[in-house]
1. Taking the condition of a type in the set (A, V, I, L, M, F, W, C), closer than 30 Å to Asn168 by Cα, touching a residue at least 40 places away in the same chain (Cβ under 8 Å) and touching a Gly at 6+ places or on another chain (Cβ under 6 Å), does Ala236 pass?
2. Can you tell me which residue within the range 175-223, out of those that are part of a helix (DSSP H, G or I), free of Cβ contacts under 8 Å to residues at least 40 places away in the same chain and in contact with a helix residue (DSSP H, G or I) (Cβ under 7 Å, 6 or more places away or on another chain), is nearest to Met242 (Cα to Cα)?
3. Is there any pair with a first residue in the range 309-337 that is of a type in the set (Gly, Ala, Ser) and a second that is in a loop (DSSP other than H, G, I, E, B) whose Cβ atoms are under 7 Å apart and which are 6 or more apart or on different chains, and what are they?
4. Can you tell me which residues in the range 434-453 are touching a residue at least 24 places away in the same chain (Cβ under 8 Å) and either closer than 24 Å to Thr398 by Cα or of a type in the set (Ser, Thr, Tyr) (or both)?
5. Any chance the range 392-402 includes a residue that's under 18 Å from Arg462 (Cα atoms) and of a type in the set (S, T, N, Q)?
6. For the structure I just gave you, tell me whether Tyr172 is touching a residue at least 40 places away in the same chain (Cβ under 8 Å), out of contact with any helix residue (DSSP H, G or I) (no Cβ under 6 Å at 6 or more places or on another chain) and surrounded by 23 or more Cβ atoms within 10 Å (Cβ to Cβ).
7. Give the range 456-481 a look and list any residue that's under 25 Å from the mean Cα position of the chain (by Cα) and either surrounded by fewer than 18 Cβ atoms within 10 Å (Cβ to Cβ) or not assigned by TED's automatic domain parsing to the domain that holds Val414 (or both), or say none.
8. So, in the range 363-387, exactly how many residues are part of a strand (DSSP E or B) and surrounded by fewer than 20 Cβ atoms within 10 Å (Cβ to Cβ)?
Amino acid sequence: MDVTMLLDMAADGFADRVLIGPRDGGTPAARLRALATGAAGKVREAGAEAVLYLAVNGPAFPVAMFAAALAGVPLVPVNYRLGGERLDRLLAAHPRAYGIADEGAGRAALLRAGLPARTPDGFLRDAREAAGRSGAGPTPADPEAAAVLLYTSGTTAEPKGVVLRHRNLVSYVLESVEFGAAGPDEAALMSVPPYHIAAVSNVLTNLYAGRRCLALPSFTPEGWLDRVRAEGITNAMVVPTMLARIMDAEGLDRSVPGLRALAYGGARMPPRVIERALRAWPHVDFVNAYGLTETSSTVAVLGPGDHRAALDAADPRVRARLESVGRPVPAVEVEIRDEDGRPVPPGASGRIWVRGAQVSGEYAGRGPSVDARGFFDTRDRGRSEDGYLYVEGRVDDTIIRGAENIAPAEIEDVLLRCPGVADAAVVGVPDDEWGQRVEAVVVPVPGAVLDPEELRGRVRERLRGSRTPDRVACWPELPRTPTGKVVRRDIVAGLTAPRDTPTSRKDRP
């Protein structure tokens, strides 16, 4: 089974139901199939071996996804925010691609690479013109073929191309949602860019469920709230920084009477943010979804019941579950292993390994990166307690101070619970004596004044002295990717910059 069969099921099952875009003027399921079929003909005529998408999220994205599948080539959503040289290197890996890009840097990069560059509007116009033509329909795709090639965010190194095959994506969809489960009034809002795995998975799962799906091209708290109310949004997905901005912005009308479910993921959620959101929206079901690009999206879920049970629980173990990512989904196996690959007991920290049909674990040009039993090393550290998975951060983020390994997450957890701290990140900074020393950057909530020495003292009270940051710097914000991940290399660069540079001037309490 391939992703085009998901489209066929939706088009045959609820042909006239609007599934893409606004309530008025959106695209019904049958029309989506016709547009994708027409666009696929254009891709084949061009002799393309991939469809590159360098544009903001919008109605052209799902058409491009299914057009690529119908044409038998992978969709390659590209981070249009990459710098010129990095973008050029990435595009050079796709010399025979069909390009879709917004005006500006993305289109310029395609032209530099010698590739055709169509705007999303132009691409949709071509699809509409070709949709009515007669001709042989496309043949089903090979389930083993690559459906999507997604480049990782590259916060610590060059982006790697993750290969997601049709069977991986279909397995995820079939295990995640029931066909036609959504009511005709349901609508989902996506607030992530198209080069994020959540954008791909949300298109597929909402289509299969029969739920109308809209994209928010750019995020602001006001714009998100306005769209939720105006379009009758029932389901939404955000990254933690978005929810924090919605909750922290002053003077906003935060009423969302029609919202039923809110999923979040992609980065650590500060406890104060999710607790405030749960109290502000008691009628909303919250879901924390943990997954990776390499796993076709979600592999563990903290459901609505767990959120509500943990909010005011007297038992600290139950309350702590609000900081977990929940339980593994039924179709995915999770193991926590030590550095030698041996399973660790419950409660002990180790590397998170996962296995399941939706797990790709494959990189372009490198082949599968799974062990002999089919398990993939997520390179995340974590632990399992009472069946709940706690993610402690990336293995690559581990600070090595002397001979001691220090997980930034445990220090960040303490800082994030300090009054007046809106955001925090802990990094290892080069040190001649210890190899690395521990330093932290905190962001105050609006109007708060933070005392770095007081924050260091709070960490010292909770953790061992070796985990107390040697320095705590106050910055107005942390450098993050559009999907909410902290760019730690930029923090290290800021902390180690000469004190008379603009970057270092942020280091003021």
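The values are calculated or read from the model by the stated rules, or taken from the named source; none is laboratory data. All figures in this text were calculated on a predicted structure; none of them were measured in a lab. In this analysis, Cβ positions are derived from the backbone assuming ideal geometry, glycine residues included, and neighbour counts consider all displayed protein chains.
1. Values: of a type in the set (A, V, I, L, M, F, W, C): yes; closer than 30 Å to Asn168 by Cα: yes; touching a residue at least 40 places away in the same chain (Cβ under 8 Å): yes; touching a Gly at 6+ places or on another chain (Cβ under 6 Å): no.
No.
2. As a first pass, look at the range 175-223 and keep what is part of a helix (DSSP H, G or I): 175-176, 197-209, 221-223.
Next, only the ones that are free of Cβ contacts under 8 Å to residues at least 40 places away in the same chain stay: 202, 205, 209, 221-223.
Those still in the list that are in contact with a helix residue (DSSP H, G or I) (Cβ under 7 Å, 6 or more places away or on another chain) too: 205, 221.
On the way: Thr205: 22, Pro221: 7 Å.
Here the residue is Pro221.
3. Partner pairs satisfying both residue conditions: Gly326/Gly303; Ala331/Gly356; Ala331/Ala357; Ala331/Gln358.
4. Filtering the range 434-453 down to residues touching a residue at least 24 places away in the same chain (Cβ under 8 Å) leaves 434-446, 448-452.
Listed by number, the residues that qualify are Trp434, Gly435, Gln436, Arg437, Val438, Glu439, Ala440, Val441, Val442, Val443, Pro452.
5. No - not one qualifying residue is present in the range 392-402.
6. Numbers: touching a residue at least 40 places away in the same chain (Cβ under 8 Å): yes; out of contact with any helix residue (DSSP H, G or I) (no Cβ under 6 Å at 6 or more places or on another chain): yes; surrounded by 23 or more Cβ atoms within 10 Å (Cβ to Cβ): yes.
Yes.
7. If we filter the range 456-481 for residues that are under 25 Å from the mean Cα position of the chain (by Cα), which is where we start, we get 475-481.
Hits for the range 456-481 are Pro476, Glu477, Pro479.
8. Quick first cut of the range 363-387, residues part of a strand (DSSP E or B) only: 363, 367-368, 370, 376-385.
Retained after the next criterion (residues that are surrounded by fewer than 20 Cβ atoms within 10 Å (Cβ to Cβ)): 363, 367-368, 370, 377, 379, 383, 385.
The total comes to 8.
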